[in-house]
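Reading through the structure tokens given below for one structure.
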Amino acid sequence: MDFRNFVFDDVARAPAFALLYLVLFLLSKWLKGMLRPYDIDHELASKDNQAIAIATSGYYLATAVIYCAALVGPSNGLTQDLLSVGGYALLGLVMLNLSGWIVDAAILRKFSDTEQLVHEKNTGVGAVHFGVYFATGLIAAGAISGEGGGVVSAVVFFVLGQVSLFVFAFVYEKLSPYDIHDELLRKNSAAGIAFCGHAIALAIIVMNASAGNFSDWKSDLLQFATANLIAFIFLPVIRVAIDRSIIPGQSLAREIRDDGNIGAGILEASSAIAFATVLAFLL
């Protein structure tokens, strides 16, 4: 659907799709609450848990990204459009909730992230969750967007995107001048923010590679693999380049590791996202 002029063409579409998103948003809230081993509402309202708030914010933003991706496409009538958008958005929400397992079992595998979020109120771990949720939302958005391929291609490209995210986290950890797990256990929020930005940066490139109409498996998989290869080469190089160029004479990595400098973490994260956005447009 082309939503640039839909308000003028059919005023019924705006409230209908807004209401649909509200329903899906509430459903996503219920799903997250059901799948998490803690009471999110209690953590936010009674314990003022900022770590949970940060993680949950990434989750909610991801739902909007997924929904907007489901909106893209030709219109087949309001009823059919609502069913199609709702179905693909729901598939995206299921994909999004799988990312919680990815964080627990793969990315933050050296400690219990639930304990760090709930008992330690670790905002660095919350930032990692924010990044992985939002990155997963972008990956799911790319997987469900476009015409052709159907559910099968959406699931395949989502799985490939999640594998890319997991491998990237491993590479990030190996190439990092500090141990991300150790820094997070020290409640170094700057380290979590920096990782958050790089995860989102990778997802922007992955989303761009998988978005659009499905043509055939060979060409689409080749395009996806090429974009991943470029991302895995480009992002570490950019990280090294911006480490000393953002603040002349100073190292962002050292500021993050030694001083827990939140500003340095934000600068590294935003720079990675900026360069990834430009690269996505060029690919």
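Please list the non-local residues whose amide H lies under 5 Å from the amide H of residue 261, H modeled 1.01 Å from N, same-chain partners needing a gap of 5 or more.
Here the answer is 256, since their amide H atoms fall under 5 Å of that of residue 261.
Take the Cβ-Cβ distance between residue 57 and residue 223 as r, set R0 to 41 Å, and report the resulting FRET efficiency rounded to the nearest 0.05.
0.80
Just to verify a number: FRET efficiency for residue 173 and residue 46, C-beta to C-beta distance, R0 = 41 Å, to 0.05? Walk me through the numbers before you get to the answer.
Numbers: r = 35 Å, r/R0 = 0.84.
Efficiency computed from Cβ-Cβ geometry: 0.75.
Work out the FRET efficiency for residue 75 and residue 233 from their Cβ-Cβ distance, taking R0 = 51 Å, and round it to the nearest 0.05.
Details: r = 40 Å, r/R0 = 0.79.
Computed FRET efficiency for residue 75 and residue 233: 0.80.
Any chance you could list the semi-axes, whole Å, largest first, of the equivalent ellipsoid that the Cα gyration tensor gives for the range 1-153, using √(5λ)?
Details: eigenvalues 210, 56, 26 Å².
Working through the eigenvalues yields semi-axes of 32, 17, 11 Å.
Once you put a point 7 Å from the Cα of residue 216 and another 7 Å from the Cα of residue 82, both along the Cβ direction, what distance in nm separates them?
The answer from the label model is 4.0 nm.
Taking a temperature of 37 °C and a viscosity of 0.692 mPa s, what whole-number D in µm²/s does Stokes-Einstein yield for the range 129-283 with Rh from Kirkwood over alpha carbon pairs? Mind dumping the intermediate values first?
On the way: Rh = 15.8 Å.
After rounding, the answer is 207 µm²/s.
Hey, in the GNM for the chain with a 10 angstrom Cα cutoff, which one of 247, 200, 262 fluctuates hardest?
Among 247, 200, 262, the largest GNM mean-square fluctuation belongs to 247.
Counting Lys and Arg as +1 and Asp and Glu as -1, each charge on the Cβ, what is the dipole of the chain about the Cα centre in debye, to the nearest 20?
Details: 17 positive and 24 negative charges, 44 e Å.
For the chain, the charge dipole is close to 220 debye.
Past the 28 Å Cα-Cα mark, which pairs from 47/187; 32/187; 32/121; 29/121; 32/110? Show your work: numbers first, answer last.
Numbers: 47/187 18 Å; 32/187 24 Å; 32/121 18 Å; 29/121 20 Å; 32/110 23 Å.
Beyond 28 Å between Cα atoms: no listed pair.
Is the chain rounded, prolate or oblate when judged by the Cα gyration tensor, a ≥ b ≥ c being the square roots of its eigenvalues, rounded requiring a/c under 1.5 and prolate requiring a/b larger than b/c? If you can, show how the numbers build up before the last one.
Details: a/c = 1.99, a/b = 1.37, b/c = 1.45.
The shape class here is oblate.
FYI, it's all coordinate maths here, none of it is from the lab. Keep in mind that what you see is a predicted model, and the values were worked out from it rather than measured. Positions of Cβ are backbone-derived with ideal geometry, glycine not excepted, and every protein chain shown enters the neighbour counts.
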